[in-house]
Amino acid sequence: MAALLAVAALTGFVTTLDNTIIAAAAPSIGRELGLSLASLQWISIAYMLPYAGLLLPAGRLLDRFGRRRLVMAGCAVFAAGAVLGGVARSPELLLAARVVQGVAAAFVVPGTLSLIRTELPERRRATAIAAWTAALAAALALGPWLGGVLAEYLHWSWIFYSNLPFAAAALVLLARTPRERHAPVRGSWSGLVTNRVFAGSNALVLLWGLGISGIVFFTPLAYQESLGLGPADAALPLVVVAAGVIVTTPFVPMVSRALGPRHTVALGLLVLAVGLLQLAVVHDETTMAPRLLGLVLAGVGSAATAPLTTHALDQVGTGDSGTASGVLTTTRELSSALGVALIGAVLTAVAGNTGGAEVATGYTAALVVAAVLQLAGAALALVVLRPRPERLAVAAGRR
């Protein structure tokens, strides 16, 4: 069982790291491979689109052919994609490597979570999910900074080679786990489409991703171009955001119990919007200090949206929980890809493809667009996350 706990942490870390580590290294990749500002976003999108698009069919294949076997295959393919990315010296080969990694991640992530649910005793599942969550936060915090350090002091190809130890360790540990003991429980689509809270939760996930994902991807680039920072220093703002997430997360359950999921999520999106607007206001500043408040607020607000997934899954039956999880994960990943495309379009529409100081103006416009999306999400959360009447009746009967 300890091996599966470690696999959860490793796969959660490396599949998240593979996306966040790209952000700070993107300008270095663009300069070497001759990619324009508009083209850089495809380095991230080429990973996220197949990842998001294949999650549901991958889940069905995992159920049919065995989770452990396909997760191991996914780790091997993920490592192969990392090697391909490391040796790539053309845009076409690099994008192909990213697609390969995205396809592999679509099997590794749901497969690992499914193994946790089916192969661990109930008392160990919470520990495994905690390890998974902590790994995601660590990858969010370390990814951009690590990508900047590797690009600045070694070469951007090392951001891909850094995946290999984690994939290899996961393979070794998976080989040591026992064969699956439990047959999967297959859910259905019944009730998900007409469930207001679940459908609304997916809409909120989409709005959040549309706004924040592109900002995360383009922040290191903007600070390199407009402030003249190196790749490592330009990624430090995202570490501040991640620190805000990590510090706030332990307090979110208490806030959710006090305010309820609906108001907690709405408040989180509102705080996130305020943080993004504060960053837009100080865009002319030449130092990082005036931006710290906005960065911290962005992390705190993002952390407060955590009850969204749990609240959504609480609204569906046990038989539909697996399908519902797949839908939510797909929406999150798809929103990330679309978010990079949207924010990239705003940035290039204002700044053009020339780079330089004009990027600051485009980045400011992108921050405002992202903030508006979060404000829309905060208003929507108050409507769509309202408990259904029958659930209110049940809750009243328990008092």
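Among the candidates 264, 310, 323, single out the residue that is over 19 Å from residue 144 (Cβ atoms), surrounded by 17 or more Cβ atoms within 10 Å (Cβ to Cβ), outside the structural domain of residue 146 (by TED's automatic domain parsing) and modelled with pLDDT under 85. Show your work before the answer.
Details: 264 fails: modelled with pLDDT under 85; 310 fails: surrounded by 17 or more Cβ atoms within 10 Å (Cβ to Cβ).
Matching residue, one of 264, 310, 323: 323.
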* Asked: Does residue 36 count as among the hydroxyl-bearing types (Ser, Thr, Tyr) and modelled with pLDDT of 85 or more?
  -> no
* Structure fact -> Flagged pairs (Cβ under 9 angstrom, 6 or more apart or on separate chains; first in region 38-53, over 11 Å from residue 336 (Cβ atoms); second of a type in the set (Lys, Arg) and buried (at least 20 other Cβ atoms within 10 Å of the Cβ)) are 42/98; 43/98; 46/98; 50/98
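Any residue at all in region 280-288 that's closer than 20 Å to residue 240 by Cα, among the β-branched types (Val, Ile, Thr) and either crowded, with 23+ Cβ neighbours inside 10 Å or at pLDDT below 85 (or both)?
Keep residues of region 280-288 that are closer than 20 Å to residue 240 by Cα, which gives 280-288.
From the residues that got through so far, the ones that are among the β-branched types (Val, Ile, Thr) too are 281-282, 286-287.
Now drop any that are not either crowded, with 23+ Cβ neighbours inside 10 Å or at pLDDT below 85 (or both), which leaves 286-287.
Checked region 280-288: at least one residue is closer than 20 Å to residue 240 by Cα, among the β-branched types (Val, Ile, Thr) and either crowded, with 23+ Cβ neighbours inside 10 Å or at pLDDT below 85 (or both).
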* Restricting attention to region 38-95, report how many residues are of a type outside the set (Phe, Trp, Tyr), under 26 Å from residue 214 (Cβ atoms) and touching a helix residue (DSSP H, G or I) at 6+ places or on another chain (Cβ under 9 Å). => 28
* When the residues of region 369-389 are filtered to those that are more than 22 Å from residue 342 (Cβ to Cβ) and touching a residue at least 24 places away in the same chain (Cβ under 8 Å), which remaining residue is surrounded by the most Cβ atoms within 10 Å (Cβ to Cβ)? -> 385
* Report yes if residue 23 is closer than 18 Å to residue 341 by Cβ, out of contact with any strand residue (DSSP E or B) (no Cβ under 9 Å at 6 or more places or on another chain) and buried (at least 24 other Cβ atoms within 10 Å of the Cβ), otherwise no. => yes
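The values are calculated or read from the model by the stated rules, or taken from the named source; none is laboratory data. None of the values given here were measured: they were computed from a predicted structure. FYI the Cβ positions are ideal-geometry reconstructions off the backbone, even for glycines, and counts take in every protein chain you see.
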